[in-house]
Amino acid sequence: MGGKELSLTPTEFKLLSTLAEHPGMLYSRTQLVEVTLDGYVPGYERVIDTHLSNLRRKLGDSAQDPKYIATVYGLGYRLVRGNG
């Protein structure tokens, strides 16, 4: 972002592209697991947290003051609108 090229893992890329398809739309962990792993895998919901944390770090984002990826406590994640 900001014109900089980022080196993303395939999972990070899938997460970011999924969130970017519908800015502002809320995605649950389960939905994100289904997208990134091409189907639901029980127990992998918390793995999404780790991937999103890594993605935020690469974007220079913060969970406490999100510019790109917001956490909606207890519900999931969404791309913050108006970053473009």
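Asn54 satisfies every condition listed in (1) polar (S, T, N, Q); (2) under 27 Å from Glu5 (Cα atoms); (3) free of Cβ contacts under 8 Å to residues at least 24 places away in the same chain except (3). Considering each residue of region 21-42, count those that are closer than 20 Å to Ala63 by Cβ and either assigned to a loop (DSSP other than H, G, I, E, B) or at pLDDT 95 or above (or both), and give that number. Residues meeting the conditions: 6. The condition of being free of Cβ contacts under 8 Å to residues at least 60 places away in the same chain and touching a Ser or Thr at 6+ places or on another chain (Cβ under 7 Å) holds for Tyr77.
Each row is one residue, and each column tells you yes or no for (1) under 16 Å from Val35 (Cβ atoms); (2) in contact with a Pro (Cβ under 6 Å, 6 or more places away or on another chain); (3) modelled with pLDDT of 90 or more.
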| residue | (1), (2), (3) |
| --- | --- |
| Asp49 | yes, no, yes |
| Arg56 | no, no, yes |
| Gln64 | no, no, no |
| Ala70 | no, no, yes |
| Gly82 | no, no, no |
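Do the conditions hold for Glu45, that is, is it of a type outside the set (Lys, Arg), in contact with a Ser or Thr (Cβ under 9 Å, 6 or more places away or on another chain) and either more than 23 Å from Glu5 (Cα to Cα) or modelled with pLDDT of 95 or more (or both)? So Glu45 fits the description; yes.
For region 49-76, the tally of residues that are surrounded by fewer than 11 Cβ atoms within 10 Å (Cβ to Cβ) and on the phi > 0 side of the Ramachandran plot stands at 1.
The values are calculated or read from the model by the stated rules, or taken from the named source; none is laboratory data. No experiment lies behind these values; they were computed from the predicted model shown. Cβ coordinates were reconstructed from backbone atoms using ideal geometry, including for glycine residues, and neighbour counts include every protein chain displayed.
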